[in-house]
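These notes are about the structure you will find just below.
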Amino acid sequence: SHLRIPDYFGLMAGATVTNNGKRGSGWITDTRNLGNALEMANKTDFSKHDFAAFCLGINDWIQGAQIGSLDNPGKTGGSITEGTVVANMIACIEKVRSENPSCRIVVYSPYISWGQCSDGGDYTANTLYGDETTNYALGALNKAGYTLQDLIDVIDQVCRYYGIRHVPLSKSSVCTKENVKDIMIDGLHPSREIRPALAEEMLANIDIPTDTFDRI
């Protein structure tokens, strides 16, 4: 009975949102057997899409996925031990462009987060999602030894290389360090009430005329 952020995004853009826009876990991570970004991109025919948004949370960082780099992207893959963020990211971008060069692509990187790792996962013994001392996860190290900001920076480098719009949601004016504990109700996920405002901000930051969208 409650709309998700992609639904609000589509309503505000006046476009149809495909089901692929409502599920996913990360460039690499698939926590619910619904597919990671690459698997979902491979299942999608972008020839009929006007807009492709890759909106990533912190699952890759939590799981300690290998990042890779532009100089050494590594291999694509559907598991933490198999692929890298950069390799899967590049594969997603090139899949879209090979099928539809006119399809606009925007990448959203994670929001800040707070709280403790509470699901028993083998992550760290200390605060993972962050607090004031870790700049709300941006400065926290995961089990692979890199911070959330490190991951965001690599995503930005790939986007710059391909000339793709990158919107770092860590700089959101809706979800801020002052209100993150109210907005991210469990440390990670936004409350239902804030979803329209978050979707509006995401749409406003893409720098693309939305009146050209039919399918996103």
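How big is the antiparallel share of DSSP beta bridges in the chain, given as a percent to the nearest 5?
Details: 3 of 14 bridges.
Looking only at bridges with both residues in the chain, the antiparallel portion is about 20 percent.
Run the quick spin-label model on residue 72 and residue 171: label points 7 Å from Cα toward the beta carbon, then report their separation in nm to one decimal.
The two pseudo-label positions are separated by 3.0 nm.
Could you please put 32, 4 in sequence from largest to smallest accessible area, using a 1.4 Å probe?
Ranking 32, 4 by accessible area, largest first, yields 32, 4.
Give the Rg/Rh ratio for segment 151-194, taking Rg as the radius of gyration of the Cα atoms and Rh as the Kirkwood radius, to two decimals. Walk me through the numbers on the way to the answer.
Values: Rg = 13.2 Å, Rh = 12.0 Å.
Taking Rh as the inverse mean 1/r over Cα pairs, Rg/Rh reads 1.11.
So how exposed is residue 43, as accessible area in Å² (1.4 Å probe, rounded to 10)?
150
For residue 34, tell me the accessible area in Å² from a 1.4 Å probe, rounded to the nearest 10.
Per-residue accessible area (residue 34): approximately 70 Å².
Under 18 Å Cα to Cα from residue 95, which lysines show up? Leave out anything in the same chain fewer than 8 places away.
Straight-distance partners of residue 95: 43, 48, 75.
Which value does Rg/Rh take for segment 32-74 over its C-alpha atoms, Rh per Kirkwood?
Taking Rg over the Kirkwood Rh, I get 1.02.
Just grab the label-to-label distance for residue 99 and residue 7, each label 7 Å out from Cα along the Cβ direction, in nm (one decimal).
For the pair residue 99/residue 7, the computed spacing is 2.4 nm.
In terms of Cα to Cα distance under 21 Å, which lysines are near enough to residue 171, apart from those fewer than 8 places away along the same chain?
Correct list for residue 171: 181.
Along its principal axes, what span do the Cα atoms of segment 1-90 show, with the longest given first and each in whole Å?
40, 29, 19
Tell me whether segment 134-216 comes out rounded, prolate or oblate; compute the Cα gyration tensor, take square roots of the eigenvalues as a ≥ b ≥ c, and use a/c under 1.5 as the rounded threshold.
oblate
Restricting to DSSP H runs of at least four residues, report the calculated mean residue ellipticity at 222 nm for the chain, -39500 (n - 2.57) per run over all residues, nearest 500 deg cm²/dmol.
Calculated from helices alone, the mean residue ellipticity at 222 nm is -8500 deg cm²/dmol.
Among [x] 1, 5, 7, 9, 10, 10, 8, 7, 7, 7, 6, 5, 4, 3, 3, 2, 2, 1, 1, 1, 0, 0, 0; [y] 1, 7, 13, 17, 16, 12, 7, 4, 3, 3, 3, 3, 3, 2, 2, 2, 1, 1, 0, 0; [z] 1, 7, 15, 20, 21, 18, 12, 5, 1, 0, which is the computed P(r) over Cα pairs in 5 Å bins from 0, in percent?
Only one option fits the structure, namely [z].
Within the chain, which complete DSSP H helices have Cα atoms spanning at least 20 Å along the helix axis and a mean Kyte-Doolittle hydropathy of 0.0 or higher? Before the final figure, lay out each step's value.
On the way: long enough: 85-99 (21 Å, 0.66); 148-162 (22 Å, 0.19).
Those that clear 20 Å and a mean of 0.0 are 85-99, 148-162.
The values are calculated or read from the model by the stated rules, or taken from the named source; none is laboratory data. Bear in mind that the values here come from a model prediction, so they are computed numbers and not experimental data. Ideal geometry is used to build each Cβ from the backbone, glycine not excepted, and the neighbour counts take in all protein chains shown. The area values use the complete protein model at the heavy-atom level, side chains included, leaving out ligands, DNA and RNA. Shrake-Rupley method; radii C 1.70, N 1.55, O 1.52, S 1.80 Å.
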